[in-house]
1. Which residues, counting only those in the range B:4-31, are within 12 Å of another protein chain (Cβ to nearest Cβ) and more than 12 Å from B:Ser73 (Cα to Cα)?
2. Kindly list the number of the only condition in (1) within 11 Å of chain B (Cβ to nearest Cβ); (2) more than 11 Å from A:Leu73 (Cα to Cα); (3) in contact (Cβ under 8 Å) with a residue 24 or more places away in the chain that fails for A:Ala31.
3. Please work out if B:Ala17 is part of a loop (DSSP other than H, G, I, E, B) and either modelled with pLDDT of 95 or more or out of contact with any Lys or Arg (no Cβ under 9 Å at 6 or more places or on another chain) (or both).
4. For the structure I just gave you, tell me whether B:Thr98 is closer than 15 Å to A:Pro42 by Cα and within 8 Å of chain A (Cβ to nearest Cβ).
5. If you take the residues of the range B:51-93 that are surrounded by fewer than 21 Cβ atoms within 10 Å (Cβ to Cβ) and aromatic (Phe, Trp, Tyr), which of them is nearest to B:Gln6 (Cα to Cα)?
6. For the range A:5-31, name all the residues that are modelled with pLDDT of 95 or more and under 24 Å from B:Trp35 (Cα atoms).
7. Please note which strands (runs of 3 or more DSSP E) are completely contained in the range B:48-113 and include at least 1 residues that are closer than 20 Å to B:Ser18 by Cα and free of Cβ contacts under 8 Å to residues at least 40 places away in the same chain.
8. Can you report the number of residues in the range B:64-95 which are under 25 Å from A:Tyr102 (Cβ atoms), more than 14 Å from every other protein chain (Cβ to nearest Cβ) and in contact with a Ser or Thr (Cβ under 7 Å, 6 or more places away or on another chain)?
Amino acid sequence: DTEVTQTPKHLVMGMTNKKSLKCEQHMGHRAMYWYKQKAKKPPELMFVYSYEKLSINESVPSRFSPECPNSSLLNLHLHALQPEDSALYLCASSQDSGTGVYEQYFGPGTRLTVT
Amino acid sequence: AQSVSQHNHHVILSEAASLELGCNYSYGGTVNLFWYVQYPGQHLQLLLKYFSGDPLVKGIKGFEAEFIKSKFSFNLRKPSVQWSDTAEYFCAVSPYNTDKLIFGTGTRLQVFP
């Protein structure tokens, strides 16, 4: 199984709502990532969890709150978002092969619209 | 700072034409190199990767890429494109032994029958 799954596929939320995005992988990978991708742009790294601990936060606003409940799950909690936060949110995972190489597998993403 | 440049933003080809997409990066140390493809409405898929060894690497669907260390380049090639190759192509670089994956701005490829 080389799949990263994400739910929901689409999400529409108001600026005062609280919602969560979910990501799951069963490949035994030890690192999981959140990216944000605007239309016709490359993915931008938001957060990295390594062995269930937050290792990288790319200066993301606090209205985005990541959580890693266990090694297979990654959540992104959303609160008080702005319309400019509308984007495709991608989850990825990777496993260090022991050679210093991290090959990332991506999920299909959640298309978020903030109204 | 590390960066990845893709010179071709939009490429339009006819079927059976040859393809070469440029990718250059700026980083002084050892890197791992990737090309990802994103078909319309689909998620990012790994096309090919270079870690070490033979600088000419072959990927899925007839794609290949060549790592030229002296030029900091990792160009993607395909001898004969098909309509189904229409997609967005991203070059990405990961400094060795790090979790970071730095993407280029992407190249939109349109192939017409």
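The values are calculated or read from the model by the stated rules, or taken from the named source; none is laboratory data. The shown structure was predicted, so the numbers you read here are calculated from the model rather than taken from an experiment. A quick note on method: Cβ atoms are made from the backbone with ideal geometry, for glycine too, and the neighbour counts reach across all protein chains shown.
1. Those that are within 12 Å of another protein chain (Cβ to nearest Cβ) and more than 12 Å from B:Ser73 (Cα to Cα): B:His9, B:His10, B:Gly29, B:Thr30.
2. In the conditions (1) within 11 Å of chain B (Cβ to nearest Cβ); (2) more than 11 Å from A:Leu73 (Cα to Cα); (3) in contact (Cβ under 8 Å) with a residue 24 or more places away in the chain, A:Ala31 misses (2) alone.
3. Criteria met by B:Ala17.
4. Taking the combined requirement at face value, the residue does not satisfy it.
5. Per the criteria, the residue is B:Phe72.
6. Within the range A:5-31, A:Thr5, A:Gln6, A:Cys23, A:Glu24, A:Gln25 qualify.
7. Details: elements: B:56-58, B:64-68, B:73-78, B:87-95, B:107-112.
The strands (runs of 3 or more DSSP E) meeting that bar are B:56-58, B:64-68.
8. Adding up the residues that qualify gives 1.
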